[in-house]
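S.K.: Sharing a structure, written as structure tokens. Questions coming.
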Amino acid sequence: MSYSEFRLELARRRPDLSLEAVDAAYEFAKKAHGDQVRYSGEPYIVHPVSVAQILLSLQPDLPTLQAALLHDVTEDTEVKLEEIEKLFGTDVARLVHGMDKLAVVKVRKEDEEAEKWKKMFLAMANDVRVVFIKLADRLHNMRTLQHVPPHKQERIARETLLVHAAIASRLGIYEIKGELEDLCFRYLYPREFAELSQELDELRARSEEYMAFATSELEQLLFREGVEVEQVQGRFKHLWSIFQKLEKKDRHNLESIYDLFAVRIILPDVIRGSEEQVAHVYSTLGLIHGAYIPLQDRFKDYVAVPKPNGYRSLHTTVLGLGGDLYQEPTEVQIRTMGMHRQAELGIASHWSYKLGSKGGAAMDSKKQRLFEEVLKKVQVLVRREPDLEGGVKQWLEDYQHLKVPDRKVVEDWLLDQGLTVDELKIIRQARSNGRLSLQPQVEEQLAWLRGLAESTDARMELNLYSEHIFVLTPQRKVVELPRGATPVDFAYAVHTEVGNKMVNVKVNDRIVPFDYELQNGEMVEVLTRNNGKPSRYWLSMARTASAKNKIRNWFHRQDKEANVTAGRELLNKDLVALNKPVLDDKYTVLKNYADKARTLAEREQILENVGLGTVSSTQIAKTLFPEATAPEKKKEEVYKVPAALTEKVVVTGEENLPVVFSSCCKPKPPYPVIGYVTRGHSIRIHRLSCRELTGLDGQRFVSVHWKEKN
Ligand code: MN
């Protein structure tokens with residue numbers, strides 16, 4: 001690409017950028033590179049110009065374009081960084097320096113860890129714009145790789161696939177990722193590449209007709225149904241992704257792969273307030289599924305559950321779209337303009353602005369919200385006319401320096417597109433207040449990029465997220481779980497109580513067993529019941545340590561709770577007997593038990609021990625209230641037993657004490673019995689199974705049995 005061609009394109013696409021400033025960078029770079037040539041024999045300057053041209057679609061700012069033109073100057077010529085700083089400013093110098101630093105990332109051997117390099121690459125990029133320049137730089141180098149000596153080609157291609165294509169993918173810049181991968185494919189697997197492209201070329205010739213048919217079918221369907229559509233497009237998939245699919249499925253037959261091409265339906269953005277609406281994306285899917293036969297298990301909802309790099313779309317595969325021309329299944333992708341932009345440009349698609357306050361005075365939150373809503377609307381409108389994007393950006397950012405007619409062009413266009421006069425006023429006011437400035441969210445992107453660099457450990461390989469699945473709650477909240485996770489993991493991930501009370505689970509409205517393996521994108525509904533409780537068997541079904549711990553905890557707590565409850569009841573009985581108030585919720589009476597301060601947990605421990613039977617409640621009551629004595633019970637209700645029965649019982653040890661039979665359990669032979677020495681010095685006989693026994697002082701029991709029959 002010649003500079004004059006580039007310049008024309010630049011003027012058309014980015015009227016907001018100063019041509020003179022770009023020209024200056026070009027002239028400087030051209031002079032610095034002098035008569036250097038590329039391997040192709042072309043003047044060196046062709047390369048930086050091409051890099052700048054590739055960058056145009058990534059919405060670069062002026063320093064990015066200047067740095068792109070200057071990016072090889074300090075490395076390949078005598079020019080010093082200071083000179084660039086003096087002429088073009090610190091921002092440009094910093095970007096150029098960033099490119100120099102990245103030059104050390106060189107993967108030399110096949111077995112070198114790609115991970116390490118990716119991590120290094122991202123860690124050294126001090127600015128997300130440097131990453132963009134580097135990707136554009138590599139893309140142009142790959143496009144011209146045929147001129148490079150053959151022994152270098154493979155190394156460069158491998159490095160590109162491992163580092164640059166992977167990073168483009170991670171950043172969601174599919175436009176660059178797809179082309180990089182196909183170029184790498186050509187050099188890394190030349191034979192397979194040649195075979196596959198030949199096969200595809202033949203198929204492609206046949207498919208062009210089909211694709212035209214399918215897109216017009218869809219257009220007509222959507223038109224009939226009154227669906228507003230921005231575009232329906234048919235496209236072939238990238239060679240590399242087809243190749244990988246063939247490898248993965250171990251198939252060597254192209255016909256066996258459904259998704260050689262896809263049809264894409266791009267819908268308008270719908271924004272309510274500042275909320276993006278997606279209902280029309282799903283209703284369009286419904287229309288498609290109504291008109292054609294959807295293949296089961298081929299539906300992917302990346303709208304509700306976006307890919308980690310932000311990619312959003314609905315994917316489905318249907319039969320019957322090709323009429324008589326083509327009977328194979330076809331993939332249909334449905335997305336909005338905003339999603340489309342995000343899919344092509346990834347992180348580079350964000351140019352949202354933040355309000356900064358100049359004078360320090362904060363803008364009131366209502367105004368701020370209104371402003372942000374209008375701003376969002378403006379951004380959506382601009383997606384319809386990307387050529388105006390630069391102008392609109394400048395209108396927002398640098399209004400004062402915009403000539404009046406240029407302002408008017410932007411404002412008229414916005415009003416034309418549906419912005420109201422009031423909304424326009426909100427933006428004008430926010431700006432003219434003087435205490436507002438608009439700042440691109442470069443900082444946020446940087447923080448995000450650094451976070452990416454830090455977390456690029458061994459598992460942060462591209463398929464990091466394939467280790468994880470994302471499922472939905474009925475409220476469409478996303479829950480991330482390890483692959484292989486079951487409803488048990490899901491329930492406990494949602495909330496411990498949801499797990500503990502789970503009685504049934506529905507996945508996509510169908511009841512499933514608890515050991516069902518959840519799949520990406522499924523909607524999981526846990527049915528609970530108040531008296532539901534976990535089973536120890538669930539431990540074998542849970543994949544996450546967290547769910548297992550919560551189940552174990554529940555059982556541990558259950559045992560403990562049961563013992564504490566029993567202990568509390570025992571002690572209460574003793575307290576009532578001593579005419580003292582029963583225990584409160586915090587067991588306050590035990591706060592200083594036996595002259596020692598006791599925490600709540602320690603107090604519970606005391607009661608647990610009582611419940612376990614290792615400590616006597618009567619003993620505790622006595623320690624608490626040494627002075628108190630249990631009032632004599634006035635009239636002990638005595639079980640009137642036949643006189644004969646008294647003679648039948650044998651008490652060991654205390655034989656001369658009177659024996660009474662307790663009324664609570666009405667002892668009679670042959671049921672085993674036990675005696676209890678009362679305060680009134682009688683022996684009260686209970687059945688061994690009597691519940692009252694648990695409340696009594698163990699030391700006062702005596703052994704009793706029925707007389708043997710003669
Ligand atoms: Mn370069």
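The values are calculated or read from the model by the stated rules, or taken from the named source; none is laboratory data. Owing to the predicted nature of the structure, the values given are computational and were not obtained by experimental measurement. Note that we place each Cβ from the backbone using ideal geometry, even for glycine, and neighbour counts take in every protein chain shown.
S.K.: Give the range 128-168 a look and list any residue that's among the polar types (S, T, N, Q) and surrounded by 23 or more Cβ atoms within 10 Å (Cβ to Cβ), or say none.
M.R.: Within the range 128-168, Thr160 is the sole residue that qualifies.
S.K.: Moving to a separate point now. Looking at the range 23-44, is at least one residue aliphatic (A, V, I, L, M), farther than 30 Å from Gln146 by Cα, away from the ligand (no atom under 16 Å from the Cβ) and free of Cβ contacts under 8 Å to residues at least 24 places away in the same chain?
M.R.: The answer is no, given that none of the residues of the range 23-44 is aliphatic (A, V, I, L, M), farther than 30 Å from Gln146 by Cα, away from the ligand (no atom under 16 Å from the Cβ) and free of Cβ contacts under 8 Å to residues at least 24 places away in the same chain.
S.K.: A further question follows. Does Arg684 fit the bill of being surrounded by 19 or more Cβ atoms within 10 Å (Cβ to Cβ), outside any helix (DSSP H, G or I), assigned by TED's automatic domain parsing to the domain that holds Lys573 and basic (Lys, Arg)?
M.R.: Judged against the criteria, Arg684 is a match.
S.K.: In the range 84-128, which residues are part of a helix (DSSP H, G or I), in contact with a helix residue (DSSP H, G or I) (Cβ under 9 Å, 6 or more places away or on another chain), modelled with pLDDT of 80 or more and away from the ligand (no atom under 16 Å from the Cβ)?
M.R.: Glu85, Lys86, Leu87, Phe88, Asp91, Ala93, Arg94
S.K.: Just give me the residues in the range 63-83 being in a helix (DSSP H, G or I), more than 14 Å from the ligand (Cβ to nearest atom) and either surrounded by 13 or more Cβ atoms within 10 Å (Cβ to Cβ) or modelled with pLDDT of 90 or more (or both), in sequence order.
M.R.: Within the range 63-83, Pro63, Thr64, Leu65, Gln66, Leu81, Glu83 qualify.
S.K.: If I go through the range 555-612 residue by residue, how many of them are of a type in the set (Gly, Ala, Ser), on the phi < 0 side of the Ramachandran plot and touching a residue at least 24 places away in the same chain (Cβ under 8 Å)?
M.R.: 5
S.K.: Please go through the range 591-612 and pick out each residue that is surrounded by 14 or more Cβ atoms within 10 Å (Cβ to Cβ) and part of a loop (DSSP other than H, G, I, E, B).
M.R.: Scanning the range 591-612 gives Lys591, Arg598.
S.K.: If you scan the range 129-140, which residues turn out to be touching a residue at least 40 places away in the same chain (Cβ under 8 Å) and within 12 Å of the ligand (Cβ to nearest atom)?
M.R.: Ile133, Leu135, Ala136, Asp137, Arg138, Leu139, His140 - these are the residues of the range 129-140 that are touching a residue at least 40 places away in the same chain (Cβ under 8 Å) and within 12 Å of the ligand (Cβ to nearest atom).
S.K.: So, Glu522, is that one assigned by TED's automatic domain parsing to the domain that holds Arg679 and surrounded by 13 or more Cβ atoms within 10 Å (Cβ to Cβ) or not?
M.R.: The answer is no for Glu522.
S.K.: Ok, one more. Among the residues of the range 169-189, which ones are buried (at least 24 other Cβ atoms within 10 Å of the Cβ) and either among the polar types (S, T, N, Q) or modelled with pLDDT under 85 (or both)?
M.R.: Across the range 169-189, the qualifying residues are Leu171, Ile173.
S.K.: Another question, then. Checking Glu202 against (1) surrounded by 17 or more Cβ atoms within 10 Å (Cβ to Cβ); (2) at pLDDT below 85: exactly one of these is not met. Which one?
M.R.: (1)
S.K.: Next question. Scan the range 477-500 residue by residue and report those that are within 18 Å of Val305 (Cβ to Cβ) and not in a loop (DSSP other than H, G, I, E, B).
M.R.: Val478, Val479, Glu480, Leu481, Pro482, Pro487, Asp489, Phe490, Ala493, Val494, listed by residue number.
S.K.: Can I ask one more? Report, by residue number, each residue of the range 689-710 that is surrounded by 13 or more Cβ atoms within 10 Å (Cβ to Cβ) and part of a loop (DSSP other than H, G, I, E, B).
M.R.: Cys690, Leu696, Asp697
S.K.: Would you check which residues across the range 281-300 are out of contact with any strand residue (DSSP E or B) (no Cβ under 6 Å at 6 or more places or on another chain) and of a type outside the set (A, V, I, L, M, F, W, C) and list them?
M.R.: Tyr282, Ser283, Gly286, His289, Gly290, Gln296, Asp297
S.K.: Further question: Considering only the range 84-93, state which residues are buried (at least 19 other Cβ atoms within 10 Å of the Cβ) and under 38 Å from the mean Cα position of the chain (by Cα).
M.R.: Those that are buried (at least 19 other Cβ atoms within 10 Å of the Cβ) and under 38 Å from the mean Cα position of the chain (by Cα): Val92, Ala93.
S.K.: Related question: Using the structure shown, decide if Ser50 is out of contact with any strand residue (DSSP E or B) (no Cβ under 7 Å at 6 or more places or on another chain), within 16 Å of the ligand (Cβ to nearest atom) and not in a helix (DSSP H, G or I).
M.R.: For Ser50, the condition - out of contact with any strand residue (DSSP E or B) (no Cβ under 7 Å at 6 or more places or on another chain), within 16 Å of the ligand (Cβ to nearest atom) and not in a helix (DSSP H, G or I) - is not met.
S.K.: So which of Tyr282, Tyr292 ends up being over 29 Å from the mean Cα position of the chain (by Cα) and modelled with pLDDT of 80 or more?
M.R.: Tyr292
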